[in-house]
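One structure below.
The values are calculated or read from the model by the stated rules, or taken from the named source; none is laboratory data. Being a predicted model, the structure only gives us computed values, none of them experimental. Heads up, the Cβs are rebuilt from the backbone with ideal geometry, glycines too, and the neighbour counts pull from every protein chain shown.
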Amino acid sequence: MNMEAISGQFQCYPLRLHPGQEIYSSLLKFVRSNHLTSAFILTCVGSVTKAHLRMTNTEATKHYEGHFEIVSLVGTLSGGEKGHLHICLSNERGEVIGGHVMGDLIVYTTAEVMIGSCKISLSPDQWIQKQDMTN
């Protein structure tokens, strides 16, 4: 498979979210207010008290409540209009849950997120669609 590399000016934005803030909508708002067209999550550490996730290969969603550590948060935030985020969380027993973020991702203690962005003419979704059509 041949793919053209994305090139452009790379920037990092550190962001700290506080107790009670909803992560998904806060990230989209940050991306919109900073006019980022190709933003993505570099890393995230923190904890949440609520999560609304969609499970793989189904439309079924699950709501979780409790105290969870963020083990991983990855995804894209296309122009602040929509996002595609996946998260892994661990509970007090070290058990891990994860899935596609639907919303209701409420910060418990803090969420420190590093957002990356490349100044390119296409959003990540548009770039991938373009590559799919040429391969």
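A few comments on the model shown:
- Of the strands (runs of 3 or more DSSP E) lying entirely inside segment 41-126, those carrying at least 1 residues that are under 15 Å from PRO19 (Cβ atoms) are 61-78, 96-119.
- Enumeration of residues in segment 53-98 that are at positive phi and either without any contact (Cβ under 8 Å) to a residue 12 or more places away in the chain or in contact with a Lys or Arg (Cβ under 6 Å, 6 or more places away or on another chain) (or both): ASN57, GLY80, GLY94
- For segment 20-33, a tally of residues being in contact (Cβ under 8 Å) with a residue 60 or more places away in the chain and either surrounded by fewer than 13 Cβ atoms within 10 Å (Cβ to Cβ) or polar (S, T, N, Q) (or both) returns 3.
- Scope segment 50-74; condition loosely packed, with under 14 Cβ neighbours inside 10 Å and of a type in the set (Asp, Glu); matching residues: GLU59, GLU65
- Residue in segment 58-72 that is nearest to VAL45 (Cα to Cα), counting only those that are at pLDDT 95 or above and of a type in the set (Gly, Ala, Ser): SER72
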